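Heads up, the thing below is written out as structure tokens.
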Amino acid sequence: MRGLGVALVVLCALVILTAPALARNVDLVTLPGRETVQLTIYNSEDITLVKETRFVTLKKGMNQLQFSWANTLIDPSSVEFRPLDHADEVEVLHTVFPGQKPQHLVWHIESKFEGQVKVEVSYFTSGLTWTMDYVGVTDPGETAMAFDGFVRIFNRSGEEYEDAEIRLIVGTINLVEKIADLARRRGIPTPKPKDAPYTRMRREVLKKSLASAGGKYSDAVNGKLRAGERQIVKEGLSEYFMFGIEGAETVRNGWSKRMRAVKAEGVTFDIVYRMRAYQYGPRPQRFFIWRNDPEHKLGDSPLPDGRVRLFRDNGRDGLSFLAEQQVRYAPVKAEVEINLGPDDLVVYETRRMSTARRAFHYQWVNRRELVDGWDEETRWIDTVRNYRTKPITFELRRQWNGHVDYASEMKTTLFDYRTIQAAFTVPARGKVEYPCTVLIHNGVNSKQNRITLK
């Protein structure tokens, strides 16, 4: 067999006779291939929980079961054996790692049952990872889009998994908190990350968390599938999220495999222009913004982090590229924002209309009267011109340092203690002017470091 070699060695008792001692040959039984295999892949820790089921033939009494992991990334200390049939008659007495056979272990099994038994072998391995990418295609008028997500699985584990059930863990498992909680329940101090008890408890916590995502999916979803189609089934877990790929997939060593994970039609989105010179530079940026919720034809599950590529249907049986951006994990109801960059059809400029200084404060130094405090008032007008054929939403943020009194005729709020923000609509082929007055207190006139709206 390629990959993992598992062999059952049936030990026969030595019969001591009055004649010279004789011994029966030890039968070496090679097991058939895996009956089933399930992979639960957790990217954040580069770790995968593998569960295999196999049928072994046991005899009454002592049996030996050999397991090998040569040329793979399996963690041998995580390998476990569990009988699924006749569990009350089959007991693993102990595990031996033979010194003369590196990358092997032998289970010593006491069985009260004779015959075929279904067993589960589980372990952790590394080298199985996955990534997510999304493709959005808008209609020519940029009012809605088709949104598809694809997952790609990479196998560098050294082992091939045929007809595997695959689960993908999205989010982060709070290992530190879970290990601390486990230690408290056992009445022991929380171990440090480099200590051996920490490694054992980390493995225990991970296995319990990943195993909770296992199990068979309801057959109810099968009726929704067309012949040959694959569908991603989703289950919510307490702190993370699991994607389960419906059906079975073969994941060959050294290969990658791409499968559809999200499919949505008619996803609506907002188009917003943002002017934040301190963040994006001197030109306004165009954004597509939508929520991961049912109102926007999404929201069945969180969206894993991945790369989004946006296109527009040009109306001539072709696509125009709009943007490409990496996005973070988006829980249900969270916003997804894609920056399309500057737009030549939307122009922003700011002008200083006047500056005046007053409220001078003087101090005598070496018989000279010096200014050590004053207020400087400046009037600004920001102008936004929209050369598009549709109205646009424009968001403005500007920053000032120091003690500032800020006033504007248009509705303005504070984003933080030194940043103002305003939002307004600019009509098609029109313009909007945003006037403001900024009074900065300098020197001894400055009493605080923040903006006050007047």
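Quick look at the values:
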{"quantity": "Packing-based exposure ordering (other Cβ within 10 Å, fewest first) of Glu45, Glu409", "calculated": "Glu409, Glu45"}
{"quantity": "Ordering of 248-254, 301-307, 38-44, 433-439 by packing [mean C-beta count within 10 Å, highest first]", "calculated": "38-44, 301-307, 433-439, 248-254"}
{"quantity": "Ascending count of other beta-carbon atoms within 10 Å, so fewest first, for Leu49, Leu93, Leu414", "calculated": "Leu93, Leu414, Leu49"}
{"quantity": "Percent RCO, i.e. relative contact order, over the range 404-454, from Cα pairs under 8 Å lying at least 6 residues apart", "calculated": "57 percent"}
{"quantity": "Whole-Å distance, taken between Cα centres, linking the range 109-157 and the range 318-365", "calculated": "40 Å"}
{"quantity": "Test item: Cα-centred dipole of the chain, Lys/Arg +1 and Asp/Glu -1 on Cβ, debye", "calculated": "1280 debye"}
{"quantity": "Which listed pairs, of Lys390/Lys411; Lys112/Lys208; Lys207/Lys257, have C-alpha distances above 27 Å, in listed order", "calculated": "Lys112/Lys208"}
{"quantity": "Relative contact order for the chain, counting Cα pairs under 8 Å that sit 6 or more residues apart, in percent", "calculated": "12 percent"}
{"quantity": "Proxy reagent accessibility, fewest Cβ within 10 Å first, across Arg286, Arg398, Arg351", "calculated": "Arg351, Arg286, Arg398"}
{"quantity": "Projected-area mean, the range 346-453, by convex hull of Cα positions, square nanometres", "calculated": "7.4 nm²"}
{"quantity": "Helix-only CD estimate at 222 nm, as mean residue ellipticity for the chain, using -39500 (n - 2.57) per DSSP H run (n ≥ 4)", "calculated": "-2000 deg cm²/dmol"}
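Only the coordinates and a few stated rules stand behind these numbers; no lab work does. Because the structure is a prediction, the values reported are computed rather than measured. Note: ideal-geometry Cβ built from the backbone for every residue, glycine included; neighbour counts use all protein chains shown.
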